[in-house]
Amino acid sequence: MLKIIIPTIMLFPVIWYSNNTMIWINMTSYSLMINLMTLPLLNQAGNNSNNFSLTFFSDSLSSPLLMLTVWLLPLMIMASQHHLMKESLTRKKLYLSMLISLQMFLIMTFSATELILFYILFEATLIPTLIIITRWGNQTERLNAGLYFLFYTLIGSLPLLVALIYVQISLGSLNYLVMNFWFQDTSSPWSSNLLWLACIMAFMVKMPLYGLHLWLPKAHVEAPIAGSMVLAAVLLKLGGYGMLRLTIILNPMTKIMAYPFIMLCLWGMIMTSSICLRQTDLKSLIAYSSVSHMALVIVAILMQTPWSFMGATALMIAHGLTSSMLFCLANSNYERIHSRTMLLARGLQAFLPLMATWWLLASLTNLALPPFINLIGELFVIMASFSWSNITIAMTGLNMLITALYSLYMLTMTQRGKFTYHIHNIKPSYTRENTLMSMHMLPLIMLTFNPKIIMGLTY
Amino acid sequence: MKLPILTIVMTTIFTGTMLTMISSHWLLIWIGLEINMLSIIPILTKNQKPRSTEAATKYFLTQATASMLLMFTIVFNAMHSGQWTTTNIDPNNMIVSLTMIIALTMKLGMTPFHFWVPEVTQGVSLMTGMLLLTWQKLAPISIMMQMFTSINSIILLLIALMSVLVGGWGGLNQTQLRKILAYSSIAHMGWMMAILTFCPSLTMLNLLIYLMLTIIMFTMLNMNTNTTTLTLSNLWNKSPTITMMILISLLSLGGLPPLTGFLPKWVIIQELTKNNNIAMATVMAIMALLNLYFYMRLIYSTSLTLFPTPNNIKMKWQFQPKKRSLFLSPLIILSTLTLPLSPVFSTLN
């Protein structure tokens with residue numbers, strides 16, 4: 001694992017010693033090389049895990065997420081080039097340093113065996129993200145967004161710290177490889193329920209669950225493009241990953257404790273999708289669609305069947321790529337008209353046809369069109385929830401319908417129809433932007449041919 | 001103040017604390033505390049303003065009351081147990097244990113005897129405030145660490161919890177930086193005392209890290225004599241590096257991983273959980289978030305936003321700074337980046 005971590009840490013000197021003309025080139029090319037080194041991790045044995053040391057391991061659950069994280073860094077760097085053009089050199093280097101430190105923490109989080117190490121790095125990802133949102137965001141609301149983001153996550157995760165320490169004291173070790181063999185005693189219902197809640201709430205806030213999702217629209221909307229991309233694609237999946245890891249020790253209680261959360265998720269799915277139908281702000285629409293997709297993932301993880309785990313993992317990877325691509329598309333709009341309102345830039349297909357192709361593909365994957373992996377994820381989750389209880393099909397089916405509605409709404413609003421008169425002077429698409437979109441889309445399409453690698457633990 | 005006088009006074013302060021720390025006879029401990037208190041009064045009134053005089057008076061009255069209570073407890077203990085050592089206080093003697101805790105927590109500035117801390121810290125200059133919040137804590141904590149087996153843990157835990165609450169909520173409405181650091185001191189004292197009856201070496205660890213962070217904060221604030229949040233918001237113009245250091249130090253003081261300030265909170269929560277005190281650990285951890293909120297407000301106004309300044313240039317031209325900042329760089333590194341070295345701190349005992 002050090003072969004990935006140490007090059008990522010070494011990206012710091014690469015930035016600080018490059019001169020002005022070379023920083024973007026150096027950063028992007030070296031992070032693409034790190035991608036190349038991470039690819040062999042995807043070769044996972046079925047039930048087992050690759051244990052690199054006592055501290056780091058990679059599993060069939062963590063390797064797709066790890067791959068997503070390292071794939072996203074060059075994309076984030078490419079996407080940030082435009083809005084950082086006018087900043088001074090030191091500030092550019094600081095921004096990139098924040099991105100790299102975030103990347104380093106994320107890589108270590110996804111490969112940690114010891115759960116306390118996972119916790120420390122999980123919290124450590126908050127600081128660079130906070131700095132990116134509040135320092136480089138564009139509107140006044142970014143301060144409030146940063147506070148909401150920090151405090152929602154911290155209030156959820158401090159009980160997790162206490163719970164993990166309690167588990168370590170009663171079990172003896174929090175090393176994930178050891179915990180597979182733990183026998184859970186459910187002595188007193190109150191304390192085991194509190195333990196379950198303490199462990200799960202941190203990840204529920206991170207996912208986010210519908211009632212605790214207030215930080216997400218604020219943070220996603222106010223963050224600059226790299227911040228939005230990493231938030232939507234990876235940081236939300238930290239919640240799902242944590243829940244998937246902890247379900248092993250939480251086992252008998254989940255059957256009872258999961259009910260209120262499943263209900264909140266099913267209802268929240270429909271609510272947030274419906275909010276998307278009435279949004280005027282493009283980034284806010286994509287943020288609420290993230291909440292809706294993640295609610296499906298929460299339902300899948302709480303139901304704990306093999307198919308639902310497969311669907312959860314596939315949906316996490318698919319949503320990561322799709323949501324990040326949508327944010328990049330929204331950012332390409334924002335860079336041209338400096339506004340996030342959808343209404344102000346319509347009929348773009350006449351002006352930027354290639355970008356319209358990417359918009360079409362992103363919207364189609366967002367609404368879970370076959371044969372993309374988004375559909376595979378959602379289908380597995382919906383089938384598992386149907387077998388868990390027949391009535392859920394009403395909610396999940398309605399959600400799929402409303403998802404299709406708002407995705408097509410977003411597509412037709414921005415691309416089709418008559419153009420507005422004031423956008424006659426927008427610049428044509430840069431090659432950088434087209435590369436960005438294709439690098440999002442190509443993994444999505446290629447994974448359609450072999451979704452086995454993103455199916456996770458129970459394939 | 002003339003240098004010879006300052007030297008004598010500083011040496012006396014040092015002697016007082018040292019006398020307390022090395023003695024095992026209660027009378028000498030009390031004498032050391034008194035020497036310390038009396039010799040810090042001229043330091044508090046160094047700049048001759050009415051505010052400083054008021055601060056010195058409040059400090060004197062509170063500390064003298066605490067010393068008198070301590071003397072009462074010492075004599076009472078001598079009367080009932082017949083000996084004057086610190087390690088043999090009878091924990092069943094309720095009067096002794098109660099008044100001992102009251103006296104020592106009054107010296108430290110913990111709730112419900114915390115009212116003097118913000119006002120005294122605000123009334124004196126930045127460096128004197130640093131002396132007050134760092135050096136003055138050493139003597140009472142050393143006494144408490146010597147007698148930790150005979151302290152009534154219920155009362156101490158209650159006082160600690162209240163200190164964490166008051167330190168969190170009290171600092172929320174402040175803009176004066178010295179008061180913010182005073183409330184931060186109250187909250188950190190709460191964390192330190194919570195673990196005293198279970199594992200005193202963790203009190204030492206928390207004290208060490210807190211001392212480093214407070215010294216850094218005061219030194220950085222002293223560089224441009226920033227005493228309010230408003231003046232702090234102009235710091236980006238003069239020295240952007242200091243704004244970054246303030247960001248990291250305040251985040252470490254708030255206890256965010258992966259900075260070193262997280263380490264005391266982590267091990268204290270671990271020890272409390274080992275002793276089945278899970279509710280206390282959770283409540284204290286969540287209340288520490290209040291502290292983090294007002295640190296975040298400071299961080300917002302210093303490093304993460306660019307406030308409008310009186311000048312229009314990117315960086316203000318200024319003379320060479322004359323204020324010395326001793327040990328700032330190693331202290332910053334020690335107090336923010338050494339979480340991976342946490343097993344080293346187990347050598348503290």
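The values are calculated or read from the model by the stated rules, or taken from the named source; none is laboratory data. Because the structure is a prediction, the values reported are computed rather than measured. Positions of Cβ are backbone-derived with ideal geometry, glycine not excepted, and every protein chain shown enters the neighbour counts.
Just a yes or no: is a residue in the range A:172-194 at pLDDT below 85, within 24 Å of A:Ser53 (Cβ to Cβ) and within 13 Å of another protein chain (Cβ to nearest Cβ)?
yes
Can you name the residue in the range A:227-267 that is over 29 Å from A:Ser339 (Cβ atoms) and of a type in the set (Gly, Ala, Ser) and is also modelled with the lowest pLDDT among such residues?
Ranking the qualifying residues of the range A:227-267, first place goes to A:Ala258.
If a residue must be outside any helix (DSSP H, G or I) and in contact (Cβ under 8 Å) with a residue 40 or more places away in the chain, how many such residues does the range B:1-21 contain?
Qualifying residue count for the region: 1.
Among the residues in the range B:22-45, are any outside any helix (DSSP H, G or I) and either within 18 Å of B:Leu131 (Cβ to Cβ) or aromatic (Phe, Trp, Tyr) (or both)?
yes
Which condition number in (1) in a helix (DSSP H, G or I); (2) closer than 24 Å to B:Leu259 by Cβ is the one that B:Thr128 fails?
Of (1) in a helix (DSSP H, G or I); (2) closer than 24 Å to B:Leu259 by Cβ, only one is false for B:Thr128: (2).
Of everything in the range A:216-254, what is over 16 Å from A:Thr134 (Cβ atoms) and of a type in the set (D, E, K, R)? Give them in sequence order.
Those that are over 16 Å from A:Thr134 (Cβ atoms) and of a type in the set (D, E, K, R): A:Lys237, A:Arg245.
From the list B:Thr12, B:Thr62, which one is surrounded by 14 or more Cβ atoms within 10 Å (Cβ to Cβ), modelled with pLDDT of 95 or more and farther than 15 Å from B:Lys107 by Cα?
B:Thr12
Name, by its number, the condition in (1) within 12 Å of another protein chain (Cβ to nearest Cβ); (2) out of contact with any Ser or Thr (no Cβ under 8 Å at 6 or more places or on another chain); (3) not aliphatic (A, V, I, L, M) that does not hold for A:Thr134.
(2)
Can you tell me how many residues in the range B:70-122 are in a helix (DSSP H, G or I), of a type in the set (S, T, N, Q) and surrounded by 15 or more Cβ atoms within 10 Å (Cβ to Cβ)?
Counting residues in the range B:70-122 that are in a helix (DSSP H, G or I), of a type in the set (S, T, N, Q) and surrounded by 15 or more Cβ atoms within 10 Å (Cβ to Cβ) gives 7.
Looking at the range A:45-65, which of its residues are under 17 Å from A:Gly242 (Cβ atoms) and either out of contact with any strand residue (DSSP E or B) (no Cβ under 7 Å at 6 or more places or on another chain) or at pLDDT 95 or above (or both)?
A:Asp59, A:Ser60, A:Leu61, A:Ser62, A:Ser63, A:Pro64, A:Leu65
What do you reckon, is B:Leu196 surrounded by fewer than 23 Cβ atoms within 10 Å (Cβ to Cβ), of a type outside the set (Ser, Thr, Tyr) and over 12 Å from the mean Cα position of the chain (by Cα)?
Criteria met by B:Leu196.
Report whether or not B:Tyr300 is in contact (Cβ under 8 Å) with a residue 24 or more places away in the chain and either not in a helix (DSSP H, G or I) or not aliphatic (A, V, I, L, M) (or both).
no
Could you please find all residues in the range B:303-328 being within 20 Å of A:Arg142 (Cα to Cα) and either assigned to a loop (DSSP other than H, G, I, E, B) or of a type in the set (Asp, Glu) (or both)?
B:Thr305, B:Leu306, B:Phe307, B:Pro308
Out of (1) surrounded by fewer than 16 Cβ atoms within 10 Å (Cβ to Cβ); (2) under 30 Å from B:Leu172 (Cβ atoms); (3) of a type outside the set (Ser, Thr, Tyr), the odd one out for B:Leu44 is which?
Failing condition for B:Leu44: (1).
Which residues, taken from the range A:183-236, are aromatic (Phe, Trp, Tyr) and either within 14 Å of A:Cys265 (Cβ to Cβ) or surrounded by 24 or more Cβ atoms within 10 Å (Cβ to Cβ) (or both)?
Result: A:Phe203, A:Tyr210.
Does the range A:40-71 hold any residues that are more than 16 Å from A:Leu321 (Cβ to Cβ) and part of a helix (DSSP H, G or I), and which are they?
A:Pro40, A:Leu41, A:Ser62
Table: residues versus (1) within 24 Å of A:Ser31 (Cβ to Cβ); (2) under 22 Å from the mean Cα position of the chain (by Cα); (3) of a type outside the set (Asp, Glu).
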position: A:Leu115; (1), (2), (3): no, yes, yes
position: A:Leu126; (1), (2), (3): yes, yes, yes
position: A:Ile131; (1), (2), (3): yes, yes, yes
position: A:Tyr176; (1), (2), (3): no, no, yes
position: A:Asn180; (1), (2), (3): no, no, yes
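Going by what's in this entry, would A:Leu41 be described as closer than 21 Å to A:Val234 by Cβ and either in contact (Cβ under 8 Å) with a residue 24 or more places away in the chain or surrounded by 12 or more Cβ atoms within 10 Å (Cβ to Cβ) (or both)?
The answer is yes for A:Leu41.
Any chance the range B:241-249 includes a residue that's surrounded by fewer than 19 Cβ atoms within 10 Å (Cβ to Cβ), modelled with pLDDT of 90 or more and within 11 Å of chain A (Cβ to nearest Cβ)?
Yes: one or more hits.
Residues are listed down the side, and each one gets a yes or a no for (1) among the acidic types (Asp, Glu); (2) without any contact (Cβ under 8 Å) to a residue 24 or more places away in the chain; (3) closer than 27 Å to B:Tyr293 by Cβ; (4) surrounded by fewer than 24 Cβ atoms within 10 Å (Cβ to Cβ):
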residue: B:Val124; (1), (2), (3), (4): no, no, yes, no
residue: B:Met145; (1), (2), (3), (4): no, no, no, yes
residue: B:Ile155; (1), (2), (3), (4): no, no, no, yes
residue: B:Met162; (1), (2), (3), (4): no, no, yes, yes
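Report the residue count in the range A:395-446 for those that are on the phi < 0 side of the Ramachandran plot, surrounded by fewer than 14 Cβ atoms within 10 Å (Cβ to Cβ) and in a loop (DSSP other than H, G, I, E, B).
Looking only at that region, the number is 5.
Going by the structure shown, is B:Asn222 more than 21 Å from the chain's Cα centre (by Cα), in a helix (DSSP H, G or I) and either crowded, with 18+ Cβ neighbours inside 10 Å or among the polar types (S, T, N, Q) (or both)?
Criteria not met by B:Asn222.
May I ask you to list the residues in the range B:250-281 that are without any contact (Cβ under 8 Å) to a residue 12 or more places away in the chain, more than 9 Å from every other protein chain (Cβ to nearest Cβ) and assigned to a helix (DSSP H, G or I)?
Hit for the range B:250-281 is B:Ala279, nothing else.
Restricting the range B:208-230 to residues that are closer than 20 Å to B:Arg324 by Cα and of a type in the set (Ser, Thr, Tyr), which is farthest from the other protein chains (Cβ to nearest Cβ)?
By that ranking, first place goes to B:Thr225.
Within the range A:1-24, work out how many residues are assigned to a helix (DSSP H, G or I) and closer than 25 Å to A:Leu66 by Cβ.
15
Of all residues being small (Gly, Ala, Ser) and more than 10 Å from chain B (Cβ to nearest Cβ) in the range A:102-129, which is nearest to A:Asn19 (Cα to Cα)? Just the residue, please.
Ranking the candidates gives A:Ser111 first.
Those residues that are at the interface with another protein chain (Cβ under 10 Å from one of its Cβ atoms) and buried (at least 20 other Cβ atoms within 10 Å of the Cβ), I need them from the range B:302-333; list them, please.
B:Ser303, B:Leu304
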